[in-house]
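Here the structure comes first, spelled out in structure tokens, and everything after it is commentary.
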Amino acid sequence: MKHGKQRGRKWFSWLPLSLLLLLSGCSENIVVLNPKGPVAKEQYDLIMWSIGFMLFIIVVVFALFAAVLIRYREKPENADYEPPDEEGNTLLEIVWTAIPVIIVAALAIPTVKSTFALEKPPRHDVKPLTIHVTSANWKWIFSYPEQNIETVNYVNIPEDVPVKFKLTSAGPMNSFWVPELGGQKYAMDGMETQLILQADHPGSYMGRSANFSGKQFAHMEFEVVAQTQDEFDKWVKEVQQTAPKLNKEKYGEILKPGLVGRMTFSNTHLEWVDHAKQNSHHGDDEKRNDRHGDMESDHYEH
């Protein structure tokens, strides 16, 4: 029986290594570890540094643990050893206080530097493209104010150009996330947050909501299509010339809870409502709509 317990402990000791090897075999499918832009690459480097540093600490701790067990284990010749009384050791107290401080600093300093750096466009020689993002149950709406076009559940961007996403919500809080291009940020009703991303090469990158928002949350996905600048300009011109106009009635239908397919329009809902500002202007809008007797429009705006 004792031999069986020892064998069980032996196999159990291999479990962490087995899990590590299993996860490493799936690394190609973990999109967070497959950066396709400078923002994602900066975050990837930070993740790898944190993991590597923590693994180093684990190795050192286990090595010291093994050394202490081997060197100070009980032996026949020291079975009667009685350690002397120790009231304190100033050097050891300084060491075991300084080590955690160093560990925290080694992790915190790169994290803080990267966090502040990622709030600015990766490139300073190119004007960022601004896109307003509105989340709703359960779809994503993308508005291009400069190009005066709007898309639903997909967004086209030019390669190698910083994109400033201005995030808000027309319903519950959501989290905008394109794993291969960068980290996530929340989209909240009545306020605006910003997330800067950039794609280094043309390609298709899937985005999703990373915050639970109801029964269709799992299907709340969108596609980011990175194009060459010429392809993007051609797409913008084609949409401006051929896509239908978006009106308040159609926009109200889109906002209703449910799933919808991809849509494209040659104007934006920002013409009559900005969900990031609507709460602060609610009283003024209501008075204006009452004055014009446009109660139906007031329903869509608020």
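The values are calculated or read from the model by the stated rules, or taken from the named source; none is laboratory data. Quantities reported herein were computed from a predicted structural model and do not represent experimental measurements. We place every Cβ from the backbone using ideal geometry, glycine too, and count neighbours over all the protein chains shown. Heads up: the accessible areas ignore ligands, DNA and RNA and are worked out on the full protein's heavy atoms, side chains in. Shrake-Rupley method; radii C 1.70, N 1.55, O 1.52, S 1.80 Å.
Sorted on the mean count of surrounding Cβ atoms within 10 Å across their residues, most packed first, peptides 31-38, 229-236, 131-138 read 131-138, 31-38, 229-236. Evaluated with a Cβ-only charge set (Lys, Arg +1; Asp, Glu -1), the stretch 127-263 carries a dipole of roughly 540 debye about its Cα centre, given to the nearest 20.
Multiplying the residue separation of LYS120 and TYR44 by 0.36 nm and subtracting their alpha-carbon distance yields 25.6 nm.
Principal semi-axes of the equivalent ellipsoid, √(5λ) from the alpha carbon gyration tensor of the stretch 165-256, are 24, 21, 12 Å from largest down. Here the label points at MET206 and PHE65, each 7 Å from Cα along the C-beta direction, are separated by 3.8 nm in the simple model. Here the contact order of the stretch 127-263, divided by its residue count and restricted to Cα pairs under 8 Å and six or more residues apart, works out to 28 percent.
Suppose R0 equals 30 Å; then what is the FRET efficiency for LEU259 and VAL31 from their Cβ-Cβ distance, rounded to the nearest 0.05?
On the way: r = 23 Å, r/R0 = 0.75.
For LEU259 and VAL31, the calculated efficiency is 0.85.
Label positions at PHE217 and ILE102, each projected 7 Å from the Cα along the C-beta direction, are separated by 4.2 nm.
When the pairs LYS185/LYS245; LYS36/LYS277; LYS185/LYS277; LYS120/LYS245; LYS120/LYS166 are compared against a 25 Å limit on Cα-Cα distance, LYS185/LYS245; LYS36/LYS277; LYS120/LYS245 fall above it.
About the Cα centre of the stretch 144-219, how large is the charge dipole given +1 on each Lys and Arg Cβ and -1 on each Asp and Glu Cβ? Please answer in debye to the nearest 20. Provide the component values of the computation, followed by the final result.
Values: 5 positive and 8 negative charges, 72 e Å.
Using Cβ point charges on Lys, Arg, Asp and Glu, the stretch 144-219 gives about 340 debye.
If you average 1/r over all unlike Cα pairs in the stretch 75-173 and invert the result, what Kirkwood radius do you get in angstrom? Before the final figure, lay out the partial values.
Values: mean 1/r = 0.0515 Å⁻¹.
Computed over Cα pairs of the stretch 75-173, the Kirkwood hydrodynamic radius comes out at 19.4 Å.
Heavy-atom accessible area with a 1.4 Å probe sorts THR151, THR242, largest first, into THR242, THR151.
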